[in-house]
Amino acid sequence: MKRIHFTDEDLRNVRVGPTYGPVAETALSLERLVRTDWSGAPSDPAGTIGFDGWRARVAGHVTPAERALAQLLPRAMDIITMTGRSSSIDEGLDAVASLPPALVGVELAYSAGGPFRPPAWATVLAEPATGPRKQLAAALRTYHDKAVAPHWPAVSRLLEAERDRAVRLLSEQGLDRFLGSCHPTIRWDPPVLTIDTCLPIGDEDAYLDGRGLVLVPSLFCPPGYPMCVAPDAPDASPVIHYPIALDAGRMRGLWAPLAAATAQSSLAALVGRTRAAVLDA
């Protein structure tokens with residue numbers, strides 16, 4: 001359980017941020033892929049069962065090496081915070097490949113002392129040579145192409161719609177209503193925001209100290225994702241990703257476009273992408 005304590009100044013500085021982009025959602029999806037037991041969190045069928053359709057489609061195509069990325073990302077090495085927001089997969093992966101080795105080393109050393117220790121194979125990522133970080137970016141791209149890319153247009157629209165809802169609710173009905181509507185695992189009892197997590201970590205208390213908080217909606221984010229501060233801006237508002245609350249029916253519909261995309265790809269292979277696009281229109 002995480003408890004975030006607000007002062008009056010913090011309450012005046014709560015904002016809703018846009019998605020961090022496809023690299024962030026891809027990294028978060030790794031945890032959804034490998035973790036199927038969320039019994040530690042409050043009952044949330046959409047958060048558990050809703051991903052079964054996605055997991056079933058993806059699991060048979062993901063290699064053991066790609067699955068092993070979940071040992072590192074995103075908790076043992078928080079590339080979401082380290083690379084920041086990116087609008088495209090190319091931009092985000094370029095940022096991953098270009099991470100300074102010293103920064104990677106600090107991140108891995110910090111994680112080694114916590115509950116999410118990096119795997120032994122990750123140590124090469126902190127070496128001066130750029131090859132290992134480029135290989136990490138390449139592996140992440142391969143996994144993204146299989147697991148997230150086919151659904152990204154629908155996911156992107158969903159994230160944008162959730163941000164619009166949150167901004168409108170915050171401006172029209174106030175902070176209390178907004179913080180109380182984010183997700184079933186998030187409870188607002190002023191001046192404390194309590195976030196339940198299914199992960200094997202102890203209770204935590206965080207104090208914002210007047211910096212406020214930026215809340216960012218996410219599809220794949222599991223309950224209780226850590227609150228993060230950009231390493232180059234320690235005095236900036238911390239960022240916390242929160243999972244979108246969706247019913248099981250909407251979740252199943254989210255994965256349905258994959259079948260249409262597959263059919264369109266087959267048609268494109270037969271008659272060409274331009275003709276396939278015309279026929280689809």
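The values are calculated or read from the model by the stated rules, or taken from the named source; none is laboratory data. Computed from a predicted structure; not experimentally measured. All Cβ positions, glycine included, derive from the backbone under ideal geometry; neighbour counts span all protein chains shown. Please note that ligands, DNA and RNA were not included when accessible areas were found on the heavy atoms of the full protein model with its side chains. Shrake-Rupley method; radii C 1.70, N 1.55, O 1.52, S 1.80 Å.
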message: Tell me the Rg and the Dmax, in Å, that the Cα atoms of the stretch 145-221 produce.
response: 15.0, 42
- prompt: Between residue 175 and residue 247, what is the FRET efficiency for a Förster distance of 30 Å, r being their Cβ-Cβ separation, to the nearest 0.05?
  reply: 0.75
message: For the pair residue 207/residue 7, report the inter-label distance in nm, with labels modelled 7 Å from Cα in the Cβ direction.
response: 0.9
task: Using 0.36 nm per residue of separation minus the Cα-Cα distance, give me the extension gain between residue 164 and residue 90 in nm, one decimal.
output: 24.1 nm
query: For the stretch 57-196, what % of the accessible area comes from carbon and sulfur atoms, probe 1.4 Å?
result: 55
task: Express the relative contact order of the stretch 135-237 as a whole percentage, based on alpha carbon pairs under 8 Å and six or more residues apart in sequence.
output: 21
- prompt: So what is the accessible area of the stretch 94-228 per residue, in Å², with the probe set to 1.4 Å?
  reply: 47
query: What's the long-distance tail for the stretch 67-186, i.e. % of Cα pairs beyond 24 Å?
result: 42
query: From the backbone phi of the stretch 5-22, what are the Karplus-calculated ³J(HN,Hα) couplings (6.51 cos²θ - 1.76 cosθ + 1.60, θ = phi - 60°) in whole Hz, Gly and Pro given as x?
result: 9, 10, 9, 4, 5, 4, 5, 7, 10, 9, 9, 10, x, x, 3, 7, x, x
